[in-house]
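Asker: First, the structure itself, so that you have it in front of you.
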Amino acid sequence: MLGSLRHLNALRAFEAAARHSSFARAAEELRVSHSVISQHIKTLEQWLGTSLFRRLGNRVELSEDGRALLPQLSNGFQVLNDACDGMLRMTRSGTLIVSAEPALASLWLRKRITEFCEEYPKIDIDLRPAWKPPQLGEGHADVIIHFETRQASGTNRRHRLFPIVGFPACTPELRDALLADAACDWTRVPLVHDNGKEIWHKWFAAHEPSSQCWQGGRVYSDLSLAIEAAVDGEGVVLADEVLCAKALQSGALVKLDPRQIECVWYTVALPSNTRDGTAIDSFVSWLGQTAPVTASQMG
């Protein structure tokens with residue numbers, strides 16, 4: 001066993017390269033150079049006395065011995081990861097101030113934070129909904145989750161979380177009334193806007209370019225209010241499968257038209273000096289793993 005552990009880095013390099021079928025992608029994952037991965041594989045092959053890969057130009061393919069080694073090695077690394085993750089969940093601590101766009105905070109993020117705190121019982125999350133993102137650090141916010149278009153530019157680390165892909169939705173009663181003649185007459189559709197009319201304008205430009213109906217309707221300053229207004233029967237909102245999940249699953253909202261557009265992305269911002277293994281890093285990494293994958297992201 002001690003002899004095997006002496007080659008632990010080489011075994012990690014092999015597992016990553018085998019999983020990706022690429023030395024380059026393994027190097028990117030492990031944050032080393034391509035040459036380091038190649039040397040690790042060479043060392044491992046010399047130690048085991050067999051070839052683990054077949055080189056096919058820019059690609060690599062597992063040899064028969066490589067295929068035999070991979071499952072057991074993957075299981076071993078999974079055991080190690082699970083053991084360390086379990087300990088980290090119990091030992092990492094701190095209080096994080098998370099500022100989030102109000103609709104996201106109430107309709108999706110609050111429940112996710114509850115789940116996170118159950119897994120990481122020593123990390124407390126102070127969730128603060130805010131339409132205008134605050135500054136990062138200095139007691140204002142440790143993490144900001146907001147519309148991509150509203151995140152401040154600068155040296156902070158940012159990455160996309162998931163997009164809002166919108167489609168027209170309303171109550172079943174309003175849908176039946178609007179589709180009484182089988183085809184929807186958009187001149188009769190009462191629209192519900194959130195924070196201006198830009199998103200409905202975008203939908204009409206994509207799907208009903210000759211219509212100017214997007215100019216009408218009631219405007220709410222917050223997405224949550226717009227969704228509640230649609231649930232109350234006030235009109236048709238551009239809903240999505242994430243924030244409107246409860247309303248759609250309960251039948252309070254139904255699709256009026258299947259045509260959709262990518263409205264906006266939610267992004268996560270955190271200080272550029274955030275270190276691996278901190279409470280902030282744990283939360284942001286966990287959030288990325290639990291974020292929904294939409295049809296837009298899958299292409």
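The values are calculated or read from the model by the stated rules, or taken from the named source; none is laboratory data. Quick caveat, the model's predicted, so the values are computed rather than measured. Quick reminder, even Gly has a Cβ in these numbers, built from the backbone with ideal geometry, and neighbours come from all protein chains shown. These area figures cover heavy atoms from the full protein model, side chains too; ligands, DNA and RNA do not enter into them. Shrake-Rupley method; radii C 1.70, N 1.55, O 1.52, S 1.80 Å.
Asker: So for each of 238-250, 161-173 I average, over its residues, the number of other beta carbons within 10 Å; can you give me the resulting order with the highest mean first?
Answerer: Numbers: 238-250: 18.4, 161-173: 20.2.
Taking the mean over residues of other Cβ atoms within 10 Å, the ranking is 161-173, 238-250.
Asker: Looking at the chain as a GNM with Cα springs under 10 Å, which of GLY139, GLY288, GLY57 has the largest mean-square fluctuation?
Answerer: Result: GLY57 has the largest fluctuation of those listed.
Asker: What figure, in Å² to the nearest 10, do you get for the accessible area of ARG54 with a 1.4 Å probe and non-protein molecules left out?
Answerer: Using a 1.4 Å probe on the heavy atoms, I get roughly 110 Å².
Asker: While we're on this one: Quick one, which of (1) 24.9, 77; (2) 19.3, 60; (3) 20.2, 70 is the actual Rg and Dmax of the Cα atoms in Å calculated for this model?
Answerer: The calculated read-out lines up with (1).
Asker: What accessible area, in Å² to the nearest ten, does a 1.4 Å probe give for CYS184?
Answerer: Rounded to the nearest 10, the figure is 40 Å².
Asker: Here's something else I'd like to know. Which value in nm describes the separation of the simple spin-label points at GLN78 and LYS122, placed 7 Å from the Cα toward the beta carbon?
Answerer: 2.8 nm
Asker: Considering only ILE41, ILE97, ILE123, give the residue with the highest GNM mean-square fluctuation for the chain, with springs between Cα atoms whenever their separation is below 10 Å.
Answerer: So, out of ILE41, ILE97, ILE123, the one fluctuating most is ILE41.
Asker: Another question about this same structure. Place a label point 7 angstrom from the Cα of ALA205 along the Cα-to-Cβ direction, then list the residues of region 159-197 whose backbone nitrogen is under 14 Å away.
Answerer: Zone members listed by number: 197.
Asker: Hey, what do the phi angles of region 274-281 turn into as Karplus ³J(HN,Hα) couplings, whole Hz, using 6.51/-1.76/1.60 and θ = phi - 60°, x for Gly and Pro?
Answerer: Coupling constants for region 274-281: 5, 8, 4, x, 7, 4, 4, 4 Hz.
Asker: Then there's this: For VAL219, enumerate residues with amide H under 5 Å from its amide H, sequence gap 5+ or separate chain, H modeled in the peptide plane.
Answerer: Those lying under 5 Å, H to H, from VAL219 are HIS193.
Asker: A follow-up question, please. Lys and Arg at +1, Asp and Glu at -1: add these up for the other residues within a Cβ distance under 12 Å of LEU44 and post the number. Don't skip to the answer; put the middle values down first.
Answerer: Working: positive: ARG6, ARG12, LYS42; negative: GLU15, GLU45, ASP65.
Its environment carries a net charge of 0.
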